[in-house]
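Student: What follows is a single structure, and I will ask about it in a moment.
The values are calculated or read from the model by the stated rules, or taken from the named source; none is laboratory data. Bear in mind the structure is a predicted one, so any value in this text is a computation, not a measurement. In this analysis, Cβ positions are derived from the backbone assuming ideal geometry, glycine residues included, and neighbour counts consider all displayed protein chains. Please note that ligands, DNA and RNA were not included when accessible areas were found on the heavy atoms of the full protein model with its side chains. Shrake-Rupley method; radii C 1.70, N 1.55, O 1.52, S 1.80 Å.
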Amino acid sequence: LESVSQRGAMNAEPPTDAAGVAALAAIAPKMRTTLYPFQQRGVAWMVAQESAGHCPTTLHPAWMRLAAPEGQSFYLHAHTGEASTRFFAAPPPTTCGGMLCDDVGLGKSVQVLGLVLAR
């Protein structure tokens, strides 16, 4: 029996963003199978997750954020004990990562192969 999520996935629209369309154009001649629209969206999303530039700014791991009783934030360096009110950003990541968690039988393996081919 086909699950509700499988029926919904089969009706998904293919990606329309430029990076996703470009990634799919790059893998199309290399694959012997055609990806369903929901698989195309999955590949496009994974390519975007591996691209730098859209990840949120995070606190540098050497610093801890603490709050004063008045609610003001300050930062404490874990190794030196230095305190500051300045935010210390972590170096920008080169990837954001993510998890591909489709239901059984929806083609996670072929999506990952599509990601490999896109790279």
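Student: Take the conditions at pLDDT 90 or above and either part of a helix (DSSP H, G or I) or surrounded by 13 or more Cβ atoms within 10 Å (Cβ to Cβ) (or both) and apply them to VAL47. Does it pass?
Tutor: Answer is no for this residue.
Student: Taking MET64, is it modelled with pLDDT under 85, open to solvent by 70 Å² or more (accessible area, probe 1.4 Å) and more than 19 Å from ALA18 (Cβ to Cβ)?
Tutor: Details: modelled with pLDDT under 85: no; open to solvent by 70 Å² or more (accessible area, probe 1.4 Å): yes; more than 19 Å from ALA18 (Cβ to Cβ): yes.
Spelling it out, it is not the case that MET64 is modelled with pLDDT under 85, open to solvent by 70 Å² or more (accessible area, probe 1.4 Å) and more than 19 Å from ALA18 (Cβ to Cβ).
Student: Also: Could you please give the count of residues in the range 67-104 that are surrounded by 10 or more Cβ atoms within 10 Å (Cβ to Cβ), in a loop (DSSP other than H, G, I, E, B) and not hydrophobic (A, V, I, L, M, F, W, C)?
Tutor: Step one: of the range 67-104, the residues surrounded by 10 or more Cβ atoms within 10 Å (Cβ to Cβ) are 73-78, 82-84, 87-90, 92-96, 98, 100, 102-103.
With in a loop (DSSP other than H, G, I, E, B) added as a condition, the list becomes 78, 82, 87-88, 90, 92-96, 98, 100, 102-103.
Add one more test, that the residue is not hydrophobic (A, V, I, L, M, F, W, C), and what stays is 82, 92-95, 98, 102-103.
Going through the range 67-104 one residue at a time, the tally reaches 8.
Student: Can I ask one more? So HIS54 ticks every box in (1) at pLDDT below 85; (2) assigned to a loop (DSSP other than H, G, I, E, B); (3) open to solvent by less than 40 Å² (accessible area, probe 1.4 Å); (4) of a type outside the set (D, E, K, R) but one. Which box is left unticked?
Tutor: Only one criterion is unmet by HIS54, namely (3).
Student: Oh, and also: Right, ARG41: outside any loop (DSSP other than H, G, I, E, B), more than 25 Å from LEU113 (Cβ to Cβ), open to solvent by 90 Å² or more (accessible area, probe 1.4 Å) and of a type outside the set (A, V, I, L, M) or not? Explain how you work it out, then say what you get.
Tutor: Details: outside any loop (DSSP other than H, G, I, E, B): yes; more than 25 Å from LEU113 (Cβ to Cβ): no; open to solvent by 90 Å² or more (accessible area, probe 1.4 Å): yes; of a type outside the set (A, V, I, L, M): yes.
No; evaluated as a whole, the condition is false for this residue.
Student: Next up: Would you mind telling me which numbered condition in (1) open to solvent by less than 50 Å² (accessible area, probe 1.4 Å); (2) small (Gly, Ala, Ser); (3) part of a loop (DSSP other than H, G, I, E, B) GLY114 fails?
Tutor: (3)
Student: For the structure I just gave you, tell me whether ALA90 is over 19 Å from PRO15 (Cα atoms), under 20 Å from the mean Cα position of the chain (by Cα) and of a type in the set (Gly, Ala, Ser). Spell out the reasoning first.
Tutor: Details: over 19 Å from PRO15 (Cα atoms): yes; under 20 Å from the mean Cα position of the chain (by Cα): yes; of a type in the set (Gly, Ala, Ser): yes.
So ALA90 passes the test.
Student: Of everything in the range 18-38 that's among the small types (Gly, Ala, Ser) and in contact (Cβ under 8 Å) with a residue 12 or more places away in the chain, which residue is surrounded by the most Cβ atoms within 10 Å (Cβ to Cβ)? Before the answer, list the steps.
Tutor: Step one: of the range 18-38, the residues among the small types (Gly, Ala, Ser) are 18-20, 22-23, 25-26, 28.
Cutting the leftovers down to in contact (Cβ under 8 Å) with a residue 12 or more places away in the chain gives us 19-20, 23, 26.
Numbers: ALA19: 13, GLY20: 20, ALA23: 26, ALA26: 14.
Restricting to residues being among the small types (Gly, Ala, Ser) and in contact (Cβ under 8 Å) with a residue 12 or more places away in the chain, the top hit is ALA23.
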